[in-house]
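Asker: There's a structure below that I have some questions on.
The values are calculated or read from the model by the stated rules, or taken from the named source; none is laboratory data. In this text, all values refer to a predicted model and were calculated from it rather than measured experimentally. Ligands, DNA and RNA are excluded from the accessible area calculation, which covers all protein heavy atoms including side chains. Shrake-Rupley method; radii C 1.70, N 1.55, O 1.52, S 1.80 Å.
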Amino acid sequence: MPENIPSVTTTRWPAARVARVVSTTALLLYGIAILRGGEFAAIDNVNLPIHETGHIVFGMFGELITAMGGSLFQVIVPLVFVGYFLRRREQYAASVALWWVAENLWYVATYVADAQEQALPLVGGGEHDWAFILAELDVLRYDDRIAAMIRFVGIVLFVIAILWGYASADAPRGIPAASESSSLTSESPK
């Protein structure tokens, strides 16, 4: 081969990178399906018990905060995972947890949008959290607008999570502690 023509080399992606790209693509497609469907999704079987637990966790703070507690907790729990993985410097795992935050915001938005109609089936047939919350705050007539804002924030976080997932697909699982990665040792010249 002549010297002035660059050779074509093939590079193989490590299996972990392939798995992360495939997983991120699956989250992208699943997220789009959830957004298009606008109904209860399979992952909401995980989110619902977290939501209900939130009412218990926030139960000591009065009726309004207790009602908000379900939706708050279902967003706080995946945010805790985002923070946990960031602290461990596991970028890809943090991006997946951020996707979960986004999906929970869509779930909350669906619930908020239903505040006036109250057509969604409720666990145990209890009071509609968001009908109560928005009525207490005297903004029930704006349920669709509030839901649209929450959904928009969820969509922005979804896009960030997907882009972050692809960008970090090849990132190491974590960064060693400073003492392990330091190039300076006690034997280095001073």
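Asker: Given the protein chains as shown and a 1.4 Å probe, how many square angstrom of MET60 are accessible, to the nearest 10?
Answerer: Answer for MET60: close to 150 Å² accessible.
Asker: Residue by residue through region 70-82, which ³J(HN,Hα) values in whole Hz follow from phi under the Karplus form 6.51 cos²θ - 1.76 cosθ + 1.60 (θ = phi - 60°), with glycine and proline marked x?
Answerer: x, 5, 4, 5, 6, 9, 5, 4, x, 5, 4, 5, 4
Asker: Can I ask one more? For a quick check of understanding: with a 1.4 angstrom probe and all protein chains in place, what accessible area in square angstrom does VAL80 have, to the nearest ten?
Answerer: Number for this one is 90 Å².
Asker: Quick one: Karplus J couplings for region 57-62, per residue in order, coefficients 6.51, -1.76, 1.60, θ = phi - 60°, nearest Hz, x for Gly and Pro?
Answerer: Using θ = phi - 60°, the values come out as 4, 8, x, 7, 9, x Hz.
Asker: For region 28-82, state what percent of all Cα-Cα pairs lands in each successive 5 Å bin, counting from 0 Å until the bin that includes the largest distance.
Answerer: 5, 20, 21, 20, 18, 9, 5, 2
Asker: Further, regarding this structure: Using only the alpha carbons of region 55-151, what is the convex hull's orientation-averaged projected area in square nanometres?
Answerer: 6.8 nm²
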